[in-house]
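S.K.: Pasting a structure below so you can have a look.
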Amino acid sequence: MGPSQKPNVCGRLSRRALGFFSRDAGMVQRTNLGILRALVCQESTKFKNVWTTHSKSPIAYERGRIYFNNYRCCISSVASEPRKLYEMPRCSKSEKIEDALLWECPVGEMLPSPSDYKSSLIALTAHNWLLRISATTGKVLEKIYLASYCKFRYLSWDTPQEVIAVKSAQNKGSTLARQAGIQQPVLLYLAVFHVLPFSLIGILEINKKIFGNVTDATLSHGILIVMYSSGLVRLYSFQAITKQFMQQKLDLGCACRWGGTTGTVGEAPFGIPCNIKITDTPPLLFEVSSLENAFQIGGHPWHYIITPNKKKQKGVFHICALKDNSLAKNGIQEMECCSLESDWIYFHPDASGRIIHVGPNQVKVLKLSEVENNSAQHQISEDFVILANRERNKNENLPTVTASGRVVKRSFTILDDDPEQETFKIVDYEDELDLLSVVAVTQIDAEGKAHLDFHCNEYGTLLKSIPLMESWDVTYSHEVYFDRDLVLHIEQKPSRVFSCYVYQMVCDPGEEEETTDKRNKTDHDNLKF
């Protein structure tokens, strides 16, 4: 018997209405997303540009929300028309939000306040305040003063939705101090918190005496990653460091005496003292050298990807086993392309253990598997390849006849990322619909045209192609988000001019076409940034 045919949308809706589901709590949600995926990919479905706006400050997107004015203005992109959720009052330059993360309520945990069950924006201000802001109203729900001894600038997840790391700007010292040869003992600080309810784990200093000339450091999944200008990357256990070198446990909102001063932890002007000071070299978990500190871990079992630490090796990727540093069979991946921009590689975010390798004219999805008759070794093989739609240049090798009648053959090579040929610029993964989204750009006459393609994540089959109406300048910075039934394109032009183009799925394009122009005009009149 052949493979069973998948039910169509009507069949799925009928089964949902009759309650034909397993006892699995996520079955209804998966069925709903399967229906949405079928609607998104069907031929009659169109994506229409429903809103366009411009701003002089950066534009950010997160989970159906578009942020303007350094996160102080929030627009909902979920409704058929953009709707302003909130706009926070004007503030001084020192109160500007420098970085932010969206926190969403974890499932199955008891939280102290009803407001904690709603999404929050965790924001870092220019004057070192860490804020928790309601994602729907813009109201400040919690605030923590970090410190006055350094300038905190960056937010990141250590453990997604559970633990955040707040990183300071690197302390390079004043020009006079550097000229005088005065060494700065502390290079940067990392403040680490559990979120909701906020609780302090500690503030760690990265000092030159212990770690040497560090160029950067960060936390990821409980691992302290330290990077050097030589390309060296070192990994340490943050839990082991905390256990060994924490000087005093601190609790937010509690009185504390530190260095002869008494104050409340997390309140101004006392802030949070640096309570994790490493006095001896901590145990090293792992060390590797890679060009430009490029280092990734993933796969099943654990493997890592590096580029050999030589400039001529740029574009060559080695995939090695984490347990013994052995190179996987076919583990040297090099895309044979001649282009101005480098290809890039990363572990697939779908947790399948696969690897995505993107070049200007092809996207390779690689899989990691055991070598036959040798379970201790693993090999890399192609799962599928997505190719750009290109035609051979007819004028590439045409002969030229000189005035004397001599035939001269012209031979030249066109770059693989030549703007006149379709070139891949962005590859992303929509986890809820299980689709790969690929942005391809072609230069037509004086302007570039882009389209967003949806591919089956399992087989790579092209399921849908969406043209983007606005021109695409390859010299600008671009971000494209595909989120369920929405496509959003953010473009940064020269002189810090930012543009945002919002597309939404419509199944009846006739009526939508009549109202799009009117809606866009109304939106421009009502929403200004």
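S.K.: On the basis of being among the basic types (Lys, Arg) and under 19 Å from the mean Cα position of the chain (by Cα), does ARG496 make the cut?
M.R.: For ARG496, the condition - among the basic types (Lys, Arg) and under 19 Å from the mean Cα position of the chain (by Cα) - is not met.
S.K.: Now, a different point. Step by step: first the residues of the range 164-185, then only those that are open to solvent by 10 Å² or more (accessible area, probe 1.4 Å) and at pLDDT 90 or above, then the one that is nearest to PRO114 (Cα to Cα). Which residue is that?
M.R.: Looking at the filtered set, the residue picked out is LYS167.
S.K.: In the range 1-55, how many are outside any helix (DSSP H, G or I) and either at pLDDT 65 or above or open to solvent by 50 Å² or more (accessible area, probe 1.4 Å) (or both)?
M.R.: Of the residues in the range 1-55, 29 are outside any helix (DSSP H, G or I) and either at pLDDT 65 or above or open to solvent by 50 Å² or more (accessible area, probe 1.4 Å) (or both).
S.K.: Also, quick follow-up: Which residue out of THR400, THR413 is in a strand (DSSP E or B), at pLDDT below 75 and farther than 16 Å from LEU488 by Cα?
M.R.: Testing whether each residue is in a strand (DSSP E or B), at pLDDT below 75 and farther than 16 Å from LEU488 by Cα leaves just THR400.
S.K.: Could you please find all residues in the range 450-462 being closer than 17 Å to LEU435 by Cβ and open to solvent by less than 60 Å² (accessible area, probe 1.4 Å)?
M.R.: Residues satisfying the conditions are HIS451, LEU452, ASP453, PHE454, HIS455, CYS456, ASN457, GLY460.
S.K.: Mind listing just one residue for me: the one in the range 70-89 that is under 29 Å from HIS127 (Cβ atoms) and among the charged types (D, E, K, R) and, of those, surrounded by the fewest Cβ atoms within 10 Å (Cβ to Cβ)?
M.R.: Selected residue: LYS84.
S.K.: When residues of the range 318-329 are filtered for being among the hydroxyl-bearing types (Ser, Thr, Tyr) and touching a residue at least 60 places away in the same chain (Cβ under 8 Å), how many remain?
M.R.: 0
S.K.: Among the numbered criteria (1) surrounded by fewer than 19 Cβ atoms within 10 Å (Cβ to Cβ); (2) out of contact with any Phe, Trp or Tyr (no Cβ under 6 Å at 6 or more places or on another chain), which one does ILE66 miss?
M.R.: It fails just one condition, (1).
S.K.: Can you name every residue in the range 339-397 that is of a type in the set (Lys, Arg) and at pLDDT below 90?
M.R.: ARG390, ARG392, LYS394
S.K.: Please determine, by comparing only the residues of the range 323-352 that are hydrophobic (A, V, I, L, M, F, W, C), within 24 Å of the chain's Cα centre (by Cα) and in a loop (DSSP other than H, G, I, E, B), which one is nearest to ILE386 (Cα to Cα).
M.R.: By that ranking, first place goes to MET335.
S.K.: Search the range 330-341 for residues being of a type outside the set (A, V, I, L, M, F, W, C), free of Cβ contacts under 8 Å to residues at least 60 places away in the same chain and surrounded by 15 or more Cβ atoms within 10 Å (Cβ to Cβ), and hand back the single one that is farthest from LEU368 (Cα to Cα).
M.R.: Within the range 330-341, the match that is farthest from LEU368 (Cα to Cα) is GLN333.
S.K.: All but one of (1) surrounded by 13 or more Cβ atoms within 10 Å (Cβ to Cβ); (2) assigned to a loop (DSSP other than H, G, I, E, B) hold for PRO301, so report the exception by its number.
M.R.: If we test PRO301 against (1) surrounded by 13 or more Cβ atoms within 10 Å (Cβ to Cβ); (2) assigned to a loop (DSSP other than H, G, I, E, B), just (1) comes out false.
S.K.: While we're on this one: For the range 210-236, what are the residues that are within 26 Å of the chain's Cα centre (by Cα) and farther than 20 Å from VAL166 by Cβ?
M.R.: The answer is TYR228, SER229, SER230, GLY231, LEU232, VAL233, ARG234, LEU235.
S.K.: Sticking with this structure for a sec: How many residues does the range 353-363 hold that are more than 25 Å from ARG390 (Cβ to Cβ) and either touching a residue at least 60 places away in the same chain (Cβ under 8 Å) or touching a helix residue (DSSP H, G or I) at 6+ places or on another chain (Cβ under 7 Å) (or both)?
M.R.: 0
S.K.: Take the residues in the range 324-338 that are modelled with pLDDT of 95 or more and hydrophobic (A, V, I, L, M, F, W, C), then tell me which one is farthest from LYS364 (Cα to Cα).
M.R.: That would be LEU327.
S.K.: Can you give me the number of residues within the range 270-298 that are open to solvent by 80 Å² or more (accessible area, probe 1.4 Å) and within 16 Å of LEU232 (Cα to Cα)?
M.R.: Qualifying residue count, the range 270-298: 4.
S.K.: Just to be sure I understand the filter: pairs with C-beta atoms under 6 Å, separated by 6 or more residues or on different chains, first member in the range 464-484 and without any contact (Cβ under 8 Å) to a residue 60 or more places away in the chain, second member assigned to a strand (DSSP E or B) and acidic (Asp, Glu). Which pairs pass?
M.R.: Within 6 Å, the pairs are SER465/ASP453; SER471/GLU447; TYR476/GLU491; HIS478/GLU491; PHE482/GLU430.
S.K.: Just to be sure, is GLU267 closer than 23 Å to CYS150 by Cα and open to solvent by 50 Å² or more (accessible area, probe 1.4 Å)?
M.R.: yes
S.K.: So which residues in the range 90-111 are farther than 14 Å from GLU162 by Cβ and open to solvent by 100 Å² or more (accessible area, probe 1.4 Å), if there are any at all?
M.R.: Answer for the range 90-111, where residues must be farther than 14 Å from GLU162 by Cβ and open to solvent by 100 Å² or more (accessible area, probe 1.4 Å): ARG90, LYS93, MET110.
S.K.: Out of all the residues in the range 234-241, is one or more touching a helix residue (DSSP H, G or I) at 6+ places or on another chain (Cβ under 9 Å), crowded, with 16+ Cβ neighbours inside 10 Å and basic (Lys, Arg)?
M.R.: Checked the range 234-241: at least one residue is touching a helix residue (DSSP H, G or I) at 6+ places or on another chain (Cβ under 9 Å), crowded, with 16+ Cβ neighbours inside 10 Å and basic (Lys, Arg).
S.K.: Name the single residue that is surrounded by the most Cβ atoms within 10 Å (Cβ to Cβ) among those in the range 119-143 being closer than 13 Å to LEU196 by Cβ and more than 23 Å from the chain's Cα centre (by Cα).
M.R.: GLU142
The values are calculated or read from the model by the stated rules, or taken from the named source; none is laboratory data. Owing to the predicted nature of the structure, the values given are computational and were not obtained by experimental measurement. When we count neighbours, we look across all protein chains shown, and the Cβ atoms used for this are built from the backbone with ideal geometry, even at glycine. Keep in mind that these areas ignore ligands, DNA and RNA; they rest on the heavy atoms of the full protein, side chains included. Shrake-Rupley method; radii C 1.70, N 1.55, O 1.52, S 1.80 Å.
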